Amino acid sequence: MSAYRDKDPRIDGIQSKIRVVPNFPKPGIRFQDITTLLLDPKAFKDTVDLFVERYKGKNISVVAGIEARGFIFGPPIALEIGAKFVPLRKPKKLPERVGAEVVECACVIELPDLKGRECLNGKPLYVLVESH
């Protein structure tokens with residue numbers, strides 16, 4: 001499921017703030033730079049708000065954010081929906097293992113070429129904007 005398919009008017013503003021850097025970090029890659037999104041308070045807030053609107057009131061107890069972008073968006077979303085935040089890192093980068101039931105995965109921007117969706121074992125994925 002994707003927010004861009006539902007076409008919330010905020011989506012275009014968010015997408016316009018994601019800078020595409022061609023041929024970075026190597027030729028043929030179109031790097032999706034969210035720094036420009038984070039520098040725009042309205043676009044950053046709209047991004048967080050869209051996730052909050054989706055998940056508020058759904059009895060979610062923990063929001064897990066995968067490094068590094070998940071560390072940016074996860075905490076404000078968790079605070080707004082009244083949930084804990086758990087940072088997820090590569091194995092052996094944190095002292096404890098975390099166990100939880102994953103009900104849905106979500107991301108600001110999906111990068112289909114990286115095939116991350118294939119690693120979700122069929123879990124639903126909510127995407128705000130398409131990579132461009």
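Structure values in brief
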quantity	calculated
Residue satisfying all of: in region 32-46; outside any loop (DSSP other than H, G, I, E, B) and in contact (Cβ under 8 Å) with a residue 24 or more places away in the chain; surrounded by the most Cβ atoms within 10 Å (Cβ to Cβ) among these	Leu37
Members of region 111-132 that are of a type outside the set (S, T, N, Q) and part of a loop (DSSP other than H, G, I, E, B)	Leu111, Lys115, Gly122, Lys123, Pro124, His132
In region 9-31, the residues that are part of a loop (DSSP other than H, G, I, E, B), surrounded by 12 or more Cβ atoms within 10 Å (Cβ to Cβ) and among the basic types (Lys, Arg)	Lys17
Hits in region 20-40 (condition: touching a strand residue (DSSP E or B) at 6+ places or on another chain (Cβ under 8 Å) and acidic (Asp, Glu))	Asp33
Test: residue in region 58-70 that is within 23 Å of Asp113 (Cα to Cα), small (Gly, Ala, Ser) and assigned to a loop (DSSP other than H, G, I, E, B)	yes
Hits in region 1-30 (condition: under 16 Å from the mean Cα position of the chain (by Cα) and at pLDDT below 90)	Met1, Ser2, Ala3, Tyr4
Residues of region 47-75 that turn out to be among the polar types (S, T, N, Q) and either surrounded by 14 or more Cβ atoms within 10 Å (Cβ to Cβ) or modelled with pLDDT of 95 or more (or both), as a count	1
Condition broken by Phe85, with the remaining ones in (1) farther than 23 Å from Glu130 by Cβ; (2) in a strand (DSSP E or B); (3) at pLDDT below 90; (4) not basic (Lys, Arg) satisfied	(3)
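The values are calculated or read from the model by the stated rules, or taken from the named source; none is laboratory data. Given the structure is predicted, the values throughout are model-derived calculations rather than measurements. FYI the Cβ positions are ideal-geometry reconstructions off the backbone, even for glycines, and counts take in every protein chain you see.
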